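Here's the structure we're looking at; comments come further down.
Coordinate-derived values only; no laboratory data. All figures in this text were calculated on a predicted structure; none of them were measured in a lab. Reconstructed Cβ throughout: ideal geometry from the backbone, glycine too, with neighbour counts over all protein chains shown.
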Amino acid sequence: MKERSVSPTRVAIIGGGRGGKALLEIFAQDPLAKIVALAEIRTRAPGITLARRLGVPVIRDYRELLQMQGIDLIIDVTGNPEVQVALQKMRRPELAVIGGASAKFMWQLIEARIRVTSEIEKTLTQYQSLFRRYVKEEAESAVDEVRTRIACEIHDGLVQTLVGVNFKMERCGQLIAHDPAKCQQLLLEAKAQLKHGIQEARQVVFNLRPGQYEKLDLFSALSNYLQSYQQQHRVHVEFLTAGDETRLDPKTKVFLFRIIQEALTNAQQHAKATHVTVRVIIDDKQLMAEITDNGLGFDVQAVSKNPEKWDHFGLRGMKERARLLGGEAQVVSARGKGTTVTICVPFQKQGRLAHG
């Protein structure tokens, strides 16, 4: 049986602003769509230059476009009430029209998708730069642990969000001609997902690099991180500090930040805690940090005998970082009684380690 070829949808766009330009960029790469005309009165609109580069005819008066034959779909992204009224008065059953709120949400969604793609590329560049420096600062085991956590965060969060948006965009393409109402609903849902994806990307970047290492203000960085953690995971956090953080060198600040970060990740993901208390105390003799949660708790001895679980909970990484600072990390927990992670770094040992 001979297969019939599918003719591309012939699309005309009214409006060459940001929305029209974004639509031109998308449709130009779609083999199932062909842009036949762009209507725009402004000679310096951003879509004009792109249309000419793509070889798309540009019409100054949109009313001429409405009289053209050989068009399957008209999309109006001008927001002009006069244009909307003219489109509503059209009586051409063979022609599909998208305008008003539907078109506005469409180009906003496309722009958001472009922005999030650009942000992901920047994030990946930051990951590469961070890993090169991180290898110099920490043991190879700690680097592998962070890589795994980053991969899980991206896969379970950002990637899943983008997959959902991609599915909705494909579905919109199927519904755009015969069910604009359903298409608009999907666009709204996809737009909300994209906003969430952007927030996730920013959170991952912040988690990786809380600030310039040499100038890191530990208490401020922790305060900002804990506020973001509390809002994102709906876990109440109490933060208590005492002492002068200028006694700490940059490496100590970064390692302590990572340990607290790992402990809080465990409290949210594994312990299902609803309240966490973080204390950081710096006196003349030592640095002491304590992270306590009211979560499910676990059998420390049983987990310590299972290397897979020990690594999965990040416990090895916390102890390794504390050891590299000349201190130690202790984990106290019991089923149903929460978990407490205590980090103690004597300044005398830290000094001997720093000076070889």
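Some points to look at:
- Contour minus Cα-Cα distance for Asp249 and Met90 (0.36 nm per residue): 50.1 nm
- Highest to lowest packing among 263-270, 42-49, 325-332, scored as the average C-beta count within 10 Å: 263-270, 325-332, 42-49
- A Förster radius of 45 Å combined with the Cβ-Cβ distance from Thr274 to Lys182 puts the calculated FRET efficiency at roughly 0.70.
- Distant-in-sequence amide H partners of Gly338 (H built 1.01 Å from N, under 5 Å): Gly295, Gly297
- Mean Cβ neighbour count within 10 Å, used as a protection proxy, ranking 34-40, 189-195 highest first: 34-40, 189-195
- In order along the range 42-51, phi translates into HN-Hα couplings of 7, 6, 10, 5, x, x, 4, 4, 5, 4 Hz, rounded to whole numbers, per the Karplus curve 6.51 cos²θ - 1.76 cosθ + 1.60 with θ = phi - 60° and x for Gly and Pro.
- If you wrap the tightest convex hull around every Cα atom of the range 217-354 and split its volume per residue, you get 95 Å³.
- Other residues with beta-carbon under 10 Å from the beta-carbon of Gln185 carry, at +1 per Lys or Arg and -1 per Asp or Glu, a net charge of 0.
- Between Glu82 and Phe219, the modelled labels are 6.2 nm apart [label points 7 Å from Cα along Cα→Cβ].
- Amide H contacts under 5 Å for Ala33: Thr9, restricted to partners 5 or more places along the chain or on a different chain, H placed in the peptide plane at 1.01 Å from N.
- Mean shadow area of the range 9-98, taken as a quarter of the surface of its Cα convex hull (nm²): 5.2 nm²
- Extension gain for Val332 to Thr43 (0.36 nm times residue separation, less C-alpha to C-alpha distance): 97.1 nm.
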